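Remarks on the structure that follows.
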Amino acid sequence: MPATRTAVLLMLLALGGAAGAEGQIDTDAVRSDTRQQLDDLLAQYGPAQEMHFHRSTVNPFNFAGSLATGLTNCSSLEIVISVTKARTIGFRIFPHYAGGYINIDKVRNGTAPMRQLLQFTDRNFLFWGVDDTYDVFAGYTFTMESGFPTEALKVVIGSIPNLDRFVGDLKPLIDGTAAPSH
């Protein structure tokens, strides 16, 4: 009887391993399908076309784009969209100001902009943060649990130009320039 139990246990483990490998293939297929749906949306949706998205040469599941027109406070907005292994789509939008990224370590007073970023996070649906080099970004993350979020993606893409206003609010904290009146 112990030999039979061992055989059954080994068979169950083997089947479990095969199911796990099959699940991995499905996850990769879902990620590739999501990337293709996102690629199609970025190519067809008017506001996204103005941001000139293309697949990243560094990571095939990232898209890079930028917006440099219609901005008054920053020179451009650099946009990175990632299709992750965790079945999410993540946006990171990096404002460029005075020739580069806004870096918390290089501004006049590092703690004041951090406080302001926290307040921005509280007041709008995009969150604000800094990456591992302390460059400021705005972001949003979608889960794919309910399918591909076409309309919600359009809302976020359409909101990207509005980030320019928040960069204007940061100006006094970055370099002492007066903030624009709203």
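FYI, it's all coordinate maths here, none of it is from the lab. Everything quoted here is computed from the prediction, not taken from an experiment. Here the Cβ positions follow ideal geometry from the backbone for every residue, glycine too, while neighbour counts run over all protein chains shown.
Label the stretch 124-179 by shape, choosing from rounded, prolate and oblate, from the square roots a ≥ b ≥ c of the eigenvalues of the Cα gyration tensor; if a/c is under 1.5 it is rounded, and otherwise prolate applies when a/b is larger than b/c, oblate when it is not. Kindly include the intermediate steps, with their values, before the conclusion.
On the way: a/c = 4.37, a/b = 1.98, b/c = 2.21.
Note, shape of the stretch 124-179 comes out oblate.
Could you derive backbone 3J(HN,Hα) for the stretch 87-92 from the dihedral phi with the Karplus parameters 6.51, -1.76 and 1.60 (θ = phi - 60°), listing whole Hz in sequence and x where the residue is Gly or Pro?
Couplings: 6, 10, 10, x, 9, 9 Hz.
Can you work out ³J(HN,Hα) from phi for every residue in the stretch 147-163, in order, using Karplus 6.51 cos²θ - 1.76 cosθ + 1.60 and θ = phi - 60°, giving whole Hz and x for Gly and Pro?
3J(HN,Hα) across the stretch 147-163, in whole Hz: x, 6, x, 3, 5, 5, 4, 4, 5, 5, 4, x, 8, 4, x, 5, 5.
Return the FRET efficiency for the residue pair Thr177, Asp39: r is the Cβ-Cβ distance, R0 is 41 Å, and the value is rounded to the nearest 0.05. Numbers along the way, then the final one.
On the way: r = 38 Å, r/R0 = 0.94.
Efficiency, rounded to the nearest 0.05: 0.60.
Residues of the stretch 138-152 with the amide nitrogen closer than 15 Å to a label point 7 Å from the Cα of Asp169, along Cα-to-Cβ, please.
138-139
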